[in-house]
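Everything below concerns the one structure shown next.
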Amino acid sequence: MALPRLLPALLLAASLVLPTASAQTRPATARDASGAELRVAGSVVLVEPDIELSLLTAGGLLEPREAWTRDARRHYAAAVREVLAAAGTAQRPDFDLPDDLDPDSRLGQVVRLNEAVALSISQFSMPGGALATKRDARGRPRLDWTLGEGVASLREATGADYALFTYVRDSYASGGRTALRVLGFIAGAAMGTGLDIGGGLQLGVATLVDLRTGQVVWFNLMARQSGDLREAEGAKKTVALLLEDLPL
């Protein structure tokens, strides 16, 4: 996919704001006029997940790993399908985006707009977010973003009522990085301070969009220092966190 990437900025914001010693998630679901949370009423399609796995070197550089990424995308998609099936949700065949997708095409614009909206919701959902004023009369966060009528092109292409978009960046510390981190802990203990240069990090964002209206009906932001998308069981655990409170 040759599309502009807003995701790095989103994930950087998440890594700076969310504590990641343990898994952190920030799910939000849109509400109807009465204040009740919306529920999925129709079929769901998994849009090709934007996932990349990397090796974190001793020097702190991220080196993308194609084989890891390929396995992660396969395991992630299978785990999502299991979650949807367990909930009895109707599914459409997974939708792979064309490699030569024109970013200015209707479909390309929908994908880019979803990235931009995901970034806005992410910033809003964090403590002190710039959009923290978006709350309802009871003071609850108000999820009222939309991608507009342009989503009709994706509905035509998939036949689905909802589209699930996913963005994940996952890194794994090299042996050298792990050794340096251990030394950092030892040095910090000797000085009476905490010293952690950081290890691997798993960051994810997911949105569920109603393709009949363009409304974002659910969103989640996840950050943690564990997890392994390179294997099926690890992917199931990541999906369980990333799809937390999905309104099925």
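Structure summary
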read-out	value
Unique residue being surrounded by fewer than 16 Cβ atoms within 10 Å (Cβ to Cβ) and modelled with pLDDT of 90 or more when the list is D144, D96, D102	D96
Residues that are among the aliphatic types (A, V, I, L, M) and farther than 19 Å from A78 by Cβ, drawn from segment 222-248	A223
For A67: the one exception among (1) within 18 Å of the chain's Cα centre (by Cα); (2) surrounded by fewer than 16 Cβ atoms within 10 Å (Cβ to Cβ)	(1)
All strands (runs of 3 or more DSSP E) inside segment 1-91 with 1 or more residues being among the acidic types (D, E) and modelled with pLDDT under 90	50-56, 62-64
Condition check for G200: on the phi > 0 side of the Ramachandran plot, modelled with pLDDT under 95 and either out of contact with any Leu (no Cβ under 6 Å at 6 or more places or on another chain) or crowded, with 18+ Cβ neighbours inside 10 Å (or both)	no
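The values are calculated or read from the model by the stated rules, or taken from the named source; none is laboratory data. Since we're looking at a predicted model, the values are computed, not measured. Positions of Cβ are backbone-derived with ideal geometry, glycine not excepted, and every protein chain shown enters the neighbour counts.
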